[in-house]
Every structure is written in structure tokens, then in C-alpha cells.
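What follows draws every value from the coordinates through simple rules; no lab data is involved. For clarity, every value in this text was computed on a predicted model and none was experimentally measured. No Cβ is skipped: glycine too gets one built from the backbone with ideal geometry, and neighbour counts run over all protein chains shown.
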Amino acid sequence: MWPTAPENWYAPASLAQPEALAIVPGEAGTFARRTVTLGSRTMSPQLGLDRTMPVALRVNGTPYVVHTPVNHTLLDLLRDGLGLTGTKESCREGVCGACTVLLDGRPVTACLVLAASADGRSVVTIEGIAGDGGLHPVQEALVECGGVQCGYCTPGVVLSAVALLAEVPDPTEEQIRRALSGNLCRCTGYAKIVQAVQVAARRLATRAARVHP
């Protein structure tokens, strides 16, 4: 049986576009649609969470100024403020890795980063990984090696792998598995993902050798 939600329960703000599926008080298992204002919470006025603030940041090379509620995360800003839905929402607890992005070149779970803390910083999402010449070698290798099935975890996996290869061009299998340990996948069993990162590392090395023989 579905539990009855608390009276003041609301769907996560990032789901409100402009309506969100919410459990409403009443009989267990009852669902209804309710309009949810971004950033709204029952006690937000008392806590000051109804305020917004400007966040100036660079996303995939483009500068933005986004006025966002003070309690919103980087995940909310990217998905709701900029429409970059390649960054996936799942656990909102920083354990699944689906929302991984690069913040100043380092992989972070966007659901645990306050939007305000990204002010003045650079963010790369999955939308900014592919170049003008096509997919990034990590993306190509994941497709070719069968490392993509349902695909929900793939954006986070790609960002984590890209960050690893930028720091460690020729990683061991142990290093790859450690770098991807924060990205949960329920489909592939990880073996093909690890293989894809190894393939991508070799291709990147070959490309670098051509540029700097």
C-alpha cells in the first residue's frame, strides 16, 4: 500500500513544469495533479526560502545569469532554469550519480550543490560534451561496447569518465572502477562501461599523438 503523504508535502520543485505529480492527503494510493510554484515550501516565507538571487555562471561555455530561489540546487537551476534536462534527477541524495556534472572541471552531484555556490564558476553538462565533429570518444565507445541500455545513468557516467581521462589519460581498470563508483547502473553490470572507458582512453591517446607527434 502507498503511504498517505503528510499534509504539507510537495513534489520536488524541479518537477514543476508547471504542474507536478504530487501525493495529496487522503486515501493511501490516491494521486492527483497540483500546481507547484518553483521553490515553494509550506514554511518557506518564515525561513526566507521564498527569496531569489542572481547566479552568474558559465554553462557549456555560455555565460548566464539565472534568478533562482535561494534553496534551489544546481540540478534545479540546470533543469528548470536552463532547460538542460540531460542532467538527470533521481535520488536527490547524491548516491546514484545520475545528476553528475563537471564544476570547474571536477565531477559533482548537482543535487547536492546549492545553485548559489556555482556563482562565478564553470559548469559542463552532458549537452556540452559532444564537439562539432560529433560525439566525444567516451560517448562513441559506450555505444559501440554496449555500455548503454536504458540510458538514464549514461550522462553521469560520461561526465565522470571524461573527468577521469582528463586527469589520468591511461587509467587502470581499478582506477576506472573507482572513478565510476558513484554512478549506479542497474542494466549493464559495469563490465561494458569499463571496457568503453578503456577504448575511449586509447582513442584519445591516438588523437593526442597525431596532434603532438
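Among V199, H136, V162, whose Cα projects farthest towards the positive end of the dipole of segment 108-213, with charges put on the beta-carbon of Lys, Arg (+1) and Asp, Glu (-1)?
V199
Residue by residue through segment 86-95, what is 3J(HN,Hα) from phi via Karplus (6.51 cos²θ - 1.76 cosθ + 1.60, θ = phi - 60°)? Round to whole Hz and write x for glycine and proline.
x, 6, 8, 9, 9, 7, 6, 10, x, 10
Computed over the Cα atoms of segment 78-135, what is the convex hull's projected area averaged over all directions, in nm²?
Quarter of the Cα hull surface area: 4.4 nm².
Which of the GluC sites (Glu not before Pro) found in segment 58-167 are loop residues per DSSP with 10 or fewer other Cβ atoms within 10 Å of their Cβ? Let's see the in-between values first.
Numbers: sites: E89, E93, E127, E140, E144, E167; in loops: E89, E93.
Listed in order of number, the matching sites are E93.
Name the long-range amide H neighbours of A130: under 5 Å, sequence gap of 5 or more, or other chain; modelled H, no Pro or chain starts.
H136
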